[in-house]
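Notes to accompany the following structure.
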Amino acid sequence: MPESSRFRTAFIEKIEDVSTLLLLPLFFVYTGLRTQIGLLNDPQLWMITAVIILVAVIGKFAGSTLAARFVGQSWKDSLSIGALMNTRGLMELIVLNIGYDLGVLSAELFSMMVVMALITTFMTGPSLDLINYLYRLKKPSIQQEIQNKSKFKILLSFAKSNTGISLLHLADALTLKSKNTAEITALHIEPSNELHHYEVETQEQDSFREIKEVAANLEQPIQTIFKISSDIDSEIVQTSNEQRQDLLLLGVSESIYEGSLLGRFLDFTSRIINPEKLFHTVTNAESPFTAFDRNQQINAKVNAMVGILIDKNFVKARRVIVPILLKNDEFLTAIIQRLIHHSDAQVMVWDFDQILRKQESFRERLRQLEQLVPNHLTILEEKNLDADLWAQQDLMLISLPCWHKIVNKKMDWLHHTPSTLLLADRKK
């Protein structure tokens, strides 16, 4: 750096130090000496001062709070921003002094405005302490917090009622015997461009009417969330992550065929290999082979395990088949155990590629589970299963990469499959 530039920089820094350490305190002293509180010797003048303070607080505190809330901040953060913005400091006093020198402000009004600036500035610390205290009181007790963390949380995201009902039956199968330690939430998001504001309440009631009736028949407690959004995918991601869900269940109509949710959640896009074949009809027509290709990473991701239900009128999980093709399928053991424990399911683990022989830890986990429930878990190593055995199954449980593999191979038994739950382990 040239000598002249260094000198200029050092000179500016010195000027700033003099301004901060000498001139700024003198300015505050000067303003204080000009403030004549004794002029406010009438109750009416103090009432006007109170009105000025009230208007100032409403203008900055309330205005900043509502603006912050409008752009998506929480109430706690919005109130904190309002409290900080409500502070009047140097700029306020400079404007007041200029107005006083120009004769725009009388001595009485100048004193009122200075009092307002001081009071709103002094309010900041106590206001922030009060906000923090109030929101600290709203936190659940330690016991309640531990209880909430121990709950197995399932989020059902559906577009149509019949999809939501099938997802509810699946969630019930996973939590049947421990409803007090489980939490099931049904989420329905309506596209913002398809709904008028006067239709919101009616649409919300219609969206959850059938699923609530089924939940009542199952004696399954259920919470509901209704949202309106132009970006449904991101809204589901945000809801799942904010509520720290353990399992996110999606219906096939939104995830596989439209290629949106699956690609956004699991870094896959979808394509239908045989587009001329429609997906499972109510007459159990042949389903198309559907494959998933790797897609680019996205910013918003689901922290929970994600399940996509390909529904063929799923109601109960009495018989479940689990094809194993990859060593990473070991995470399916947790869901197998849940289905056996809560639904007394008869589970067949189909190791037709002899993966369990190579994966010792996976084999050991299944062996321990088999010893605990010998009548509920069977391990098969046959290369092919007959159609009658497939027809007896209520659900096929399979990992998403495994599904990808068998679809690419175009296995001839795919059209025999029952309702299928594709699972991707995305837990951190």
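Among the GluC sites (Glu not before Pro) within the stretch 328-400, which fall in a DSSP loop and have no more than 14 other Cβ atoms within 10 Å of their own Cβ?
Glu381, Glu382
May I ask you to compute the full-extension gain from Ala62 to Met47, defined as 0.36 nm times their residue separation minus their alpha-carbon distance, rounded to one decimal in nm?
Working it through step by step, the gained length comes to 3.3 nm.
Quick one: of Lys327/Lys383; Lys316/Lys358; Lys76/Lys151; Lys179/Lys405, which pairs are farther than 29 Å apart, Cα to Cα?
In this structure, Lys316/Lys358; Lys179/Lys405 lie more than 29 Å apart at Cα.
Which loop-located trypsin sites (Lys or Arg not before Pro) does the stretch 349-397 contain, where loop means any DSSP state but H, G, I, E or B and the Cβ has at most 11 other Cβ atoms within 10 Å?
Details: sites: Arg357, Lys358, Arg363, Arg365, Arg367, Lys383; in loops: Lys383.
Answer by residue number: Lys383.
Determine ³J(HN,Hα), in whole Hz, for all residues of the stretch 212-220 in sequence, where each value follows from phi through the Karplus function 6.51 cos²θ - 1.76 cosθ + 1.60 and θ = phi - 60°; x replaces Gly and Pro.
My calculation for the stretch 212-220 gives 5, 5, 5, 4, 5, 5, 7, 6, 10 Hz in order.
Using a basic spin-label model with each label point 7 Å from the Cα along Cα→Cβ, how many nm lie between Glu360 and Lys409?
Using points 7 Å along Cα→Cβ, the separation is 2.6 nm.
Residues with beta-carbon under 15 Å from that of Tyr30, excluding Tyr30: net charge, scoring Lys, Arg +1 and Asp, Glu -1?
My count for the surroundings of Tyr30 gives -1.
So, counting K/R as plus one and D/E as minus one, what does the shell of residues with Cβ under 15 Å around Arg363 add up to?
My count for the surroundings of Arg363 gives -3.
Would you grab the residues whose amide H sits under 5 Å from the one on Leu380? Only those 5+ places off in sequence or on another chain, please, with H modelled 1.01 Å from N.
For Leu380, whose amide H was placed from the backbone, the distant partners under 5 Å are Val349, Trp350, Asp351.
Please tell me the relative contact order of the stretch 301-428 in percent, rounded to the nearest whole number, where contacts are Cα pairs under 8 Å and at least six residues apart.
40 percent
Values in this text are rule-based calculations from the coordinates and carry no lab data. This is a predicted model, so every value here is computed, not measured. All Cβ positions, even for glycine, are placed from backbone atoms using ideal geometry, and neighbour counts span all protein chains on display.
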